[in-house]
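See structure below.
Coordinate-derived values only; no laboratory data. Since the model is a prediction, treat every value here as computed from it, not as a measurement. Methodologically, a virtual Cβ is constructed for each residue, glycine included, from the backbone with ideal geometry; neighbour enumeration extends over all protein chains shown.
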Amino acid sequence: MKARPKHTKIGWLMGMVATFGKTPAELEDFTWNDDNSINIKSKKRSIRPLHPEWVYLFQLKEKQPSGLKSCWIGLTRDFTGALAADNCHVSLEGLIFAYKVRKLYYASSKRQKRLSRCPVAC
């Protein structure tokens with residue numbers, strides 16, 4: 001996805017979807033917080049990345065396209081066009097589903113660790 005600037009932007013958006021589990025429509029007009037969480041219009045609370053290291057790994061803050069508000073519609077159109085043309089072998093639904101599976105898995109493993117430390121009902 002790094003070959004062309006257009007693909008870099010599509011890759012960045014794909015990283016945002018994978019990291020935060022929100023569709024491009026939900027991510028429109030998001031804002032960053034100091035703790036690498038984001039605020040979106042449809043949620044009162046901030047959205048934290050499921051894997052905080054992904055913000056650094058994918059360089060989501062550093063590689064955010066400049067003038068994002070003005071190019072958002074074109075970016076989402078390019079993103080859905082790339083998915084529809086099968087230029088990348090992933091689907092938006094697949095990214096969101098993978099996020100939900102990871103969230104469920106990691107939430108349950110954290111709960112199991114917490115319960116193993118406290119065998120009696122806490």
Pseudo-spin-label distance Ala25 to Leu104, built 7 Å along Cα→Cβ, given in nm, is 2.3 nm
Using 7 Å Cα-to-Cβ label points, what is the Val90/Ser70 separation (nm, one decimal)?
-> 2.8 nm
Describe numerically, in nm with one decimal, the distance between label points set 7 Å from Cα along Cα→Cβ at Tyr56 and at Asn39.
-> 2.5 nm
By the C-alpha gyration tensor axes a ≥ b ≥ c (rounded if a/c is under 1.5, else prolate when a/b exceeds b/c, else oblate), the shape of region 20-105 is oblate
